[in-house]
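Read-outs: derived from the displayed coordinates by stated rules, not from any lab. Keep in mind it's a predicted model, so treat the numbers as computed, not measured. Here Cβ is always computed from backbone atoms with ideal geometry, including for glycine, and neighbour counts include all displayed protein chains.
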Amino acid sequence: MSETTSASEAPCAFGDRIRHRDKPEWGIGTVTRVEATVANGSPDWRVGVRFPNAGLKNMIASAASLDRVEEDEPVGAPGAAAMADLDRHAGDDLLGPMAEKKLREAMAVLPERVTDPFRSIEQRVELTLELYRFDTSGRSLMDWAVAQTALDDPLSKFNRHELEQFFERWALERDRNLVRLLKESHGTGCDIAGMIPPDIAARLRRVRI
């Protein structure tokens, strides 16, 4: 939204569904207010969005990574399509097990931005490191599950033990991605190792890919 909207054109309208690109765990919010303002000396828009998992957020349109979500648009969370497929084939003796396998695989998929070859290695490392904010404790597991499934309430579909199992597979892929980036950086002159906190570096030494 911030990349395509001009300052003279309102980026969205009351009631629009909005996703924050950098905070998918907030869920899909609803616009509650849009008003003209000035930011850094230039005309801009202040947008209020109520997110199901983060409450009301007020943001400047040009600085926020907001995307409008159309009613019929498939949500881009890695596990969303696989979960819909599982629902569609629930009770089918032939397709049901295949859909369950597809869901297990999709729940371990990392966000596309961390593996995007068109981003620099440094960018991919930074984005992968951001994923370490998720763990299996308390609210963090739920935040991860929202980001992975696009469900406002993942416990409506899975119990906590199932989510923990999904998360462990996903966390391993997260570690493996960072190890691959470290190997890819060898000989490039990039100080990738220096970007990684000691506790994460210790974890990576136990990873095999």
His161-Lys101 FRET efficiency (beta carbon distance; Förster radius 25 Å; 0.05 resolution): 0.85
How about Lys23: which lysines have a C-alpha closer than 27 Å to its C-alpha, ignoring those fewer than 8 places off in the same chain? Lys57, Lys102, Lys157
Please provide three numbers in whole Å: the alpha-carbon extents of the range 108-204 along the principal axes, with the largest listed first. 47, 28, 17
Can you give the percent of C-alpha pairs in the chain whose distance is more than 21 Å? 61 percent
With point charges of +1 on the Cβ of Lys and Arg and -1 on the Cβ of Asp and Glu, referenced to the Cα centre of the chain, which listed residue (Val69, Ala81, Thr136) lies farthest in the positive direction of the dipole? Thr136
Give a quick list of trypsin sites (Lys or Arg not before Pro) in the range 140-209 that DSSP marks as loop, anything other than H, G, I, E or B, with at most 12 other Cβ atoms within 10 Å. Arg205, Arg206, Arg208
Counting as exposed only GluC sites (Glu not before Pro) in DSSP loop states with no more than 10 other Cβ atoms inside 10 Å, the longest exposed-site-free span of the chain is 72-209
